[in-house]
Amino acid sequence: MDPILIAVIVLGGVALVFAAIIFGVEKKFIVVEDPRIDLVTEKLPGANCGGCGFAGCRNFAEAIVKNESLDGLFCPVGGNTTSAEVAKVMGLVAEEKVPQVAVVRCQGSFANSPAKTVFEGVSSCAYAHMLYSGPGGCPNGCLGLGDCVASCAFDAMYLDKETGLPVVLEDNCVACGACVKACPRSIIELRDKGPKSKRIYVSCVNTEKGALAKKNCVVACIGCGKCVKACPHDAITLENNLAYIHFDKCKLCRKCVIECPTEAILEINFPARKVVEAPKINEENITQ
Amino acid sequence: MLKTFKMGGVHPEENKFAENSRIETIDAPELMYVMLNQNLGAPSVAIVKKGDTVKTGQLIAKGEVFISANVHSPVSGTVEKIDSWTDASGYRKPVIIIKKEGDVWDDGIDTSDSLVKEISASKEEIVELVKASGIVGLGGATFPTHVKLMVPQGKKAEYLIINAVECEPYLTADHRVMLEKGHEVMVGIQVLMKALDVSKALVGIENNKPEAISHLTKIASSYPGITVQGLKVKYPQGAEKQLIKALINREVPSGKLPIEVGCVVQNVGTALAVYEAVQKRKPLIERVVTVTGKNVKKPSNFMVRVGTPISLLLEKAGGIPDGTGKIVNGGPMMGKAIPNTDIPVTKGTSGILLMTNKEAARVKEYNCIRCGRCTTVCPMGLEPFLLGLAGENLNWEIAEKERSMDCIECGSCQYTCPSGRPLLDNIRLCKLKVGQIIRNRNK
């Protein structure tokens, strides 16, 4: 017989046998998967950043399909647009969420909190946090070694060489929360972006008594409580010598900003004030 | 051939400058800063208030949980304030500030120098006295001693091992204690032996302290059961597991305590503190601290009350010399640089080392050349280069798999690395993260 013919027959036979096995296995061990998982995954950004609380976009899609609802499931990267598209696939109505942005609550720059010690170890905030309170001496302040910057998958953060503090690029930030988790001192917080990106927040997390906090950093919150009194909307609370502005209650009236004796309260993206008053530091207000 | 542990180890320059300076007692200054977190475990809780009058040796803070220790007033006077103060950790921690007035000792404390050889206390009484006196491991780890003396059920202590190795370069506190308080140490060891119900005690001393070995060997003949054993000089022989391996050739399993192999290890300074607590009823309020360094005018060993600011010790040793790059709490291998000199002496302060700028500077870091020196010197048999890379690349899975939690942080790997890599820094980071992961998993 023609050798070519033999080869064709043998190989064809082998192929047929294997095809039959594959067919059988496929029928027997088929994984029935909800086709909506693929559809939902397609709508997601595919960043696999973990901002939703799941390991990746597909896990998130599986969770949505399994729960048949979007309760508590939100993709911070895609935001409301993605939510609406996913809801359409699932036949649900998406809940509108206020967009958020990461905020660095520390102003302990080289100028505001001069370094008293030099750190030479591995450039990692987690490590430095374990070793000492920081170059400026503030036990709650930014260590400036950039764990947050390293954790950002969206190029939304950089370390400012002038101040030594991380800066969030608002346009790039998707509020995935990676930096919040990376910071060993919980300095970074996700706050509502606010109308026209206007925000007011206390840019300090120091819980020491006023005099101590002031000794290490000139812009520390000293817990004097002036802002609490000034706030007409009860949006500010004072706990452990530290004021906190609740962004859900804040109406952006800016009354607290003028009151703060240490300029610890920041206003972002507001038009310049007509009369700029120089804030005075009243030593009596510093709690001892 | 002298005994030593088999795996790894390095031999750094010894630099024991203060070995011939007699222990000098420093009078307590006006204000004493008694930290409340002087022991491993839970911090003590203050039981005095502002304005209270206290006597020397009076209980001022209580250890309330099992792994915690009492704190006693190091001076007599009034409580000035209960506040926070920066300690060697670099953070502000609770402190009792006492203003010194005179030196009135609490009732029942024998302040004489006479040696009390007869052990009248029973086994239970000894543990109780050790606990009441707030004794912690004086080698530096400050683990409460009474916890070590309570052998868990089903376990039996066979050997009491006295750690007099002092393998850290520069430090000489234990060396001087052995030479000047040899008999007290020996009675202390007998007290510990009675508490643990063991008949054999081994004192391990490195061979760079020949006077201490000969002195203790001479007096040990009058104390039954105590053997003094010279050891080959090798760092980190003073680590618990390495010392057990060197002395009785037993290996403590990973993650287990020495009692697993029938041993209890105590520092030689702790033995002295136990002697004073049990035989003299004197709580732990003072300890020997070495102040040393290459450029220090007068390298010394001081007997100081706990709570004395380090600045006073430096002053007594001739001040801070020019060109001091770092002041380290502890020895050069495992000690930690301190951020200021107002930090008080605590129960765990074994030495203050003033490093010159040259010693303190970090060497330039190069890539790992896979020479394997770190693996050769690791006394725990780990692969430091791998753990170092895991820490650098934030790969905690590898860090856990490669047993980063077994690291004793002796620093031999970083000391020996020809590329100047910050291996220990990265391994510490690994330990921190892996520890967190394990705790979260077990929650």
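The values are calculated or read from the model by the stated rules, or taken from the named source; none is laboratory data. Since this is a predicted model, take the numbers as computed values, not measurements. Positions of Cβ are generated from backbone atoms using ideal geometry, with glycine treated the same way; all protein chains shown enter the neighbour counts. The area values use the complete protein model at the heavy-atom level, side chains included, leaving out ligands, DNA and RNA. Shrake-Rupley method; radii C 1.70, N 1.55, O 1.52, S 1.80 Å.
Data overview
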{"item": "Percent RCO, i.e. relative contact order, over the stretch B:286-360, from Cα pairs under 8 Å lying at least 6 residues apart", "result": "40 percent"}
{"item": "At least 24 Å along the helix axis (C-alpha) and Kyte average at least 1.6, DSSP helices within chain A", "result": "A:3-28"}
{"item": "Sparse-neighbour loop sites [GluC sites (Glu not before Pro); the stretch B:1-103; at most 14 other C-beta within 10 Å; DSSP]", "result": "B:E13, B:E30, B:E64, B:E101"}
{"item": "Karplus-derived 3J(HN,Hα), 6.51/-1.76/1.60, for each residue of the stretch B:106-113, Hz, glycine and proline x", "result": "5, 4, x, 8, 8, 9, 6, 8"}
{"item": "Convex hull volume per residue in cubic angstrom - Cα atoms of the stretch B:123-280", "result": "103 Å³"}
{"item": "For the stretch A:157-220, convex hull of alpha carbons as volume per residue, Å³", "result": "120 Å³"}
{"item": "Gaussian network model of chain A, Cα within-10 Å springs - most flexible of A:A150, A:A272, A:A87", "result": "A:A272"}
{"item": "Placed amide H near B:A61: partners under 5 Å, 5+ positions off or other chain", "result": "B:I47, B:V71"}
{"item": "Normalised per residue, the volume of the convex hull around the Cα set of the stretch A:36-90 (Å³)", "result": "63 Å³"}
{"item": "Share of Cα-Cα pairs in the protein assembly as shown lying beyond 45 Å, as whole percent", "result": "37 percent"}
{"item": "Dipole magnitude of the stretch A:100-268, debye to nearest 20 (Cβ charges: Lys/Arg +1, Asp/Glu -1, about Cα centre)", "result": "520 debye"}
{"item": "Delta accessible area of at least 30 Å² on complex formation, residues of the stretch A:87-128, 1.4 Å probe, chain isolated as reference", "result": "A:T117, A:E120, A:V122, A:A126, A:Y127"}
{"item": "Square roots of five times the Cα gyration tensor eigenvalues for the stretch B:135-195, Å", "result": "23, 15, 10"}
{"item": "Cα Rg, Dmax (largest Cα-Cα span) when computed across chain B, Å", "result": "21.4, 64"}
{"item": "The protein assembly as shown - percent of accessible surface contributed by carbon and sulfur, probe 1.4 Å", "result": "54 percent"}
{"item": "Accessible surface buried upon B-A contact (total; probe 1.4 Å; Å², nearest 100)", "result": "1400 Å²"}
{"item": "DSSP-assigned coil residues among trypsin sites (Lys or Arg not before Pro) in the stretch B:250-289, each with at most 11 further Cβ atoms within 10 Å", "result": "B:K256"}
{"item": "Using a Förster distance of 45 Å, the FRET efficiency for B:K443-B:S199 (Cβ separation, nearest 0.05)", "result": "0.55"}
{"item": "Table column - 3J(HN,Hα) (Hz), the stretch B:39-46, Karplus curve with 6.51, -1.76, 1.60, x for Gly and Pro", "result": "10, 5, x, 6, x, 7, 10, 5"}
{"item": "Candidate lysines - alpha carbon under 20 Å from A:K249, same-chain residues fewer than 8 apart omitted", "result": "A:K97, A:K193, A:K196, A:K198, A:K226, A:K229"}
{"item": "Per-residue ³J(HN,Hα) for the stretch B:146-155, Karplus 6.51 cos²θ - 1.76 cosθ + 1.60, θ = phi - 60°, Hz, x for Gly and Pro", "result": "4, 5, 5, 6, 8, 6, x, 5, x, 10"}
{"item": "Amide hydrogen neighbours beyond the local backbone of B:K200, cut-off 5 Å, H modeled", "result": "B:L160"}
{"item": "The protein assembly as shown, accessible area per residue, ligands and nucleic acids excluded (1.4 Å, Å²)", "result": "48 Å²"}
{"item": "Among A:K116, A:K193, A:K27, residue whose mean-square fluctuation peaks in a GNM of chain A (springs only between Cα atoms under 10 Å)", "result": "A:K27"}
{"item": "Distance in nm between pseudo-label sites at A:S186 and B:K123 (7 Å out along the Cβ direction from Cα)", "result": "4.8 nm"}
{"item": "Selection from B:V48, B:G90, B:I126, by position along the positive dipole direction of the stretch B:45-151 (Cβ)", "result": "B:G90"}
{"item": "Largest-first ordering by accessible area, 1.4 Å probe, given options A:D2, B:D27", "result": "B:D27, A:D2"}
{"item": "Dipole axis of chain A (+1 Lys, Arg; -1 Asp, Glu on Cβ), positive-most option in A:L252, A:V101, A:V167", "result": "A:L252"}
{"item": "FRET E, pair B:T25, B:C371, Förster distance 45 Å, beta-carbon r, rounded to 0.05", "result": "0.40"}
{"item": "Computed helical MRE - 222 nm, chain B, DSSP H runs ≥ 4 contributing -39500 (n - 2.57), nearest 500", "result": "-8000 deg cm²/dmol"}
{"item": "Relative contact order (percent, whole number), chain B, Cα cutoff 8 Å, 6+ residue spacing", "result": "19 percent"}
{"item": "Scattering profile of the stretch B:195-316 at q = 0.10, 0.16 Å⁻¹ [log10 I(q)/I(0), Debye over alpha-carbon scatterers]", "result": "-0.43, -1.05"}
{"item": "Stokes-Einstein D for the stretch A:100-268, Kirkwood Rh over Cα pairs, 25 °C, 0.890 mPa s (µm²/s)", "result": "151 µm²/s"}
{"item": "Reduction of at least 40 Å² in accessible surface, 1.4 Å probe, comparing all protein chains with the chain by itself, residues of the stretch B:414-443", "result": "B:D425, B:R428, B:L429, B:L432"}
{"item": "Listed residue (B:V296, B:V278, B:Q266) projecting farthest to the positive dipole end of the stretch B:218-331, Cβ model", "result": "B:V296"}
{"item": "Helix-derived mean residue ellipticity, 222 nm - over chain A, DSSP H n ≥ 4, -39500 (n - 2.57), to 500", "result": "-9000 deg cm²/dmol"}
{"item": "Built amide H within the under 5 Å cut-off of B:K326, gap 5+", "result": "B:M355"}
{"item": "Protection-proxy order for peptides B:402-411, A:199-208, each taking the mean of Cβ atoms within 10 Å per residue, highest first", "result": "A:199-208, B:402-411"}
{"item": "For the stretch A:46-117 versus the stretch B:114-129, the gap between their alpha-carbon centres in whole angstrom", "result": "65 Å"}
{"item": "From the C-alpha gyration tensor of the stretch B:27-100, square roots of 5λ in Å", "result": "19, 14, 10"}
{"item": "For the stretch B:345-362 versus the stretch A:244-269, the gap between their alpha-carbon centres in whole angstrom", "result": "45 Å"}
{"item": "Unpaired by the 4.7 Å Cβ criterion, cysteines found in chain B", "result": "B:C167, B:C263, B:C368, B:C371, B:C378, B:C407, B:C410, B:C417, B:C430"}
{"item": "Modelled FRET efficiency - R0 56 Å, A:K116 with A:V31, Cβ distances, 0.05 increments", "result": "0.40"}
{"item": "Rounded to the nearest 20 debye, dipole of the stretch A:1-130 from Cβ charges on Lys, Arg, Asp, Glu", "result": "380 debye"}
{"item": "Relative contact order computed over the stretch B:27-100 (Cα-Cα under 8 Å; 6+ residues apart), in percent", "result": "37 percent"}
{"item": "Geometric extent, Cα atoms of the stretch B:373-441 - Rg, Dmax (angstrom)", "result": "11.0, 37"}
{"item": "Percent of Cα pairs exceeding the 31 Å cut-off, where the set is chain A", "result": "46 percent"}
{"item": "Of A:G56, A:G121, A:G177, the one that fluctuates the most in a GNM where chain A has Cα springs shorter than 10 Å", "result": "A:G121"}
